[in-house]
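Novice: Sharing a structure with you now.
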Amino acid sequence: MPDAKLKKTITKFLGMSTMTFPTWEKICKELKVEGVNLMSLGHNPLTNNNTPVYTSINSKDVKTPCGIDVPTLLEPNEKSKGLIIILGESALRTDDDITTISQTPNNTILGTPYAIHLEKCPPKCAVYRKIFDALLREKYSLYITDIIKVWWKDKNLEPDDTDIKILGQELQRFKDKNPIIVAWGKKSQDALKRNEPKTDFLPLPHPGVNNWDSWKLRIFMKAVINEKLEYATDVYGKVRNIGEETKTNEDIVANEAVRSIIEHMEKNKSVL
């Protein structure tokens, strides 16, 4: 991927966190993925210089070439206040990624959710890095995963039985941590509703740029419901002219996501 498409974001706490892959061994067996040394992705986020990591998957149910983002545990460099599981939708790969796979003896390219192992990232990933950085700053550990584990071009991106089974295993792995679960988008939320035993979670719009209008609506709805219109004007500023449009950006979305998650954490702490 050309450097012109990549950028660095200010992510002090994300960069200082420890990155491990505690569920990968079991997921490999479920997906029929060949073993691979994940240390090539790195011990810490933001350290890989975009060196591709390849492996192979041997399943009749998978179309190749394909991509998998390895579920990742991020831990702050201070004692953790608790675990947040963030469940997204699916890995994505570019045409360039697919081309490079075809030039290797493998059929699968590995990554991490939202490319957190890369020093530089596609601009669309900046909003996620800001969310993770802020939560790590607050001393929370993060387990970041997707409900759809394998991506290939033109795939119907709906969770299948294997995805639901792996999700159950992931949640069981961290059960003793009493995690808070955050579900980004409808696909992850619907999958959690299928999981047994039933699991409480915080539903949020996906922070991707295509959903920023949903975040804007959420902010203004919160202001109206709580009868605190200044909440929205504090976020967007006052509209000075009739018809003037208020713009949503990655900082607004990241701040609102972090605020919602921490409010949920504090609420659940008071219940316990």
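Novice: Using Cβ contacts closer than 10 Å as the measure, can you line up 19, 221, 265 from fewest to most? Kindly include the intermediate steps, with their values, before the conclusion.
Specialist: On the way: 19 22, 221 11, 265 19.
In increasing order of surrounding Cβ atoms, one gets 221, 265, 19.
Novice: Suppose R0 equals 35 Å. What FRET efficiency, 1/(1 + (r/R0)^6) with r the Cβ-Cβ distance, do residue 103 and residue 138 give to the nearest 0.05?
Specialist: On the way: r = 43 Å, r/R0 = 1.22.
After rounding, the FRET efficiency stands at 0.25.
Novice: For the stretch 179-258, with the dipole built from +1 on Lys and Arg beta-carbon atoms and -1 on Asp and Glu ones, taken about the Cα centre, which of 226, 253, 182 lies farthest toward the positive end?
Specialist: Farthest towards the positive end: 182.
Novice: Would you work out the relative contact order for the chain, in percent, from Cα pairs under 8 angstrom that are 6 or more residues apart? It would help to have the intermediate numbers written out before the result.
Specialist: Values: 444 pairs, mean separation 57.0, N = 272.
It rounds to 21 percent for the chain.
Novice: If you don't mind, there's one more thing I want to ask. Taking the simple approach of a point 7 Å from Cα along Cα-to-Cβ for both residue 96 and residue 16, what is their distance in nm?
Specialist: Using points 7 Å along Cα→Cβ, the separation is 3.2 nm.
Novice: Along the principal axes of its C-alpha atoms, what lengths does the stretch 145-272 span, in descending order and rounded to whole Å?
Specialist: 53, 44, 20
Novice: Continuing with this model, one more query. Taking every pair of Cα atoms in the stretch 128-214, average 1/r, invert it to obtain the Kirkwood radius, and report Rg/Rh to two decimals. Walk me through the intermediate numbers first.
Specialist: On the way: Rg = 13.8 Å, Rh = 14.3 Å.
Radius of gyration over Kirkwood radius for the stretch 128-214 works out to 0.96.
Novice: Taking the beta-carbon count within 10 Å as an exposure proxy, list 43, 206, 117, 264 from fewest neighbours to most. Display every interim value, and only then the final one.
Specialist: On the way: 43 11, 206 21, 117 27, 264 17.
Taking fewest neighbouring Cβ atoms as first place, the list is 43, 264, 206, 117.
Novice: So how strong a dipole does the chain carry about its Cα centre when Lys and Arg Cβ are +1 and Asp and Glu Cβ are -1, to the nearest 20 debye?
Specialist: Computed about the Cα centre, the dipole is about 360 debye.
Novice: What is the gain in length, in nm to one decimal, between residue 158 and residue 34 on full extension, counting 0.36 nm per residue of separation less the C-alpha to C-alpha distance?
Specialist: Values: separation 124, 0.36 × 124 = 44.64 nm, distance 2.40 nm.
So the extension gain works out to 42.2 nm.
Novice: Jot down the per residue volume, in cubic angstrom and as a whole number, of the convex hull over the alpha-carbon atoms of the stretch 81-131.
Specialist: Numbers: hull volume 6.3 nm³, N = 51.
Roughly 123 Å³ of hull volume per residue.
Novice: Right, another one. Let me know the whole percent of all Cα-Cα pairs from the stretch 1-110 that are separated by more than 18 Å. Please list the in-between numbers first.
Specialist: On the way: 3508 of 5995 pairs.
Value for the stretch 1-110: 59 percent of Cα pairs lie more than 18 Å apart.
Novice: Would you mind counting up the charge near residue 210? Only other residues with Cβ under 12 Å from its Cβ, with Lys and Arg at +1 and Asp and Glu at -1. Mind showing how you got there, number by number?
Specialist: Numbers: positive: 124; negative: 89, 213.
Surrounding charge for residue 210 is -1.
Novice: Kindly identify the stretch 187-236 as rounded, prolate or oblate by the Cα gyration tensor criterion: order the square roots of the eigenvalues as a ≥ b ≥ c, call it rounded if a/c is under 1.5, otherwise compare a/b with b/c, prolate if a/b is larger, else oblate. Please list the in-between numbers first.
Specialist: Values: a/c = 4.48, a/b = 1.97, b/c = 2.27.
Cα axes put the stretch 187-236 in the oblate bin.
Novice: Per-residue counts of other Cβ atoms within 10 Å, averaged by peptide: what ranking do you get for 93-102, 225-234, highest first?
Specialist: Working: 93-102: 14.0, 225-234: 11.6.
Top of the packing list down: 93-102, 225-234.
Novice: Report D for the chain in µm² per second (integer): Stokes-Einstein, Kirkwood Rh on Cα pairs, 25 °C, 0.890 mPa s. Walk me through the intermediate numbers first.
Specialist: Values: Rh = 19.6 Å.
Roughly 125 µm²/s, to the nearest whole number.
Novice: Given only helices, namely DSSP H runs of n ≥ 4 each adding -39500 (n - 2.57), what is the per-residue ellipticity at 222 nm of the chain, to the nearest 500 deg cm²/dmol? Kindly include the intermediate steps, with their values, before the conclusion.
Specialist: Working: 9 runs with 98 residues, N = 272.
When only DSSP H runs of four or more count, the value is -11000 deg cm²/dmol.
Novice: Select from 110, 151, 128 the residue farthest towards the positive end of the dipole of the stretch 101-220; place +1 on Cβ of Lys and Arg, -1 on Cβ of Asp and Glu, and compute about the Cα centre.
Specialist: 128
Novice: 7 Å from Cα along Cα→Cβ at both residue 63 and residue 221: what's the point-to-point distance in nm?
Specialist: 3.4
Computed from the coordinates by the stated procedures, all read-outs in this text should not be read as laboratory data. Because the structure is a prediction, the values reported are computed rather than measured. Cβ sites come from the backbone with ideal geometry, for glycine too, and all protein chains shown count toward neighbours.
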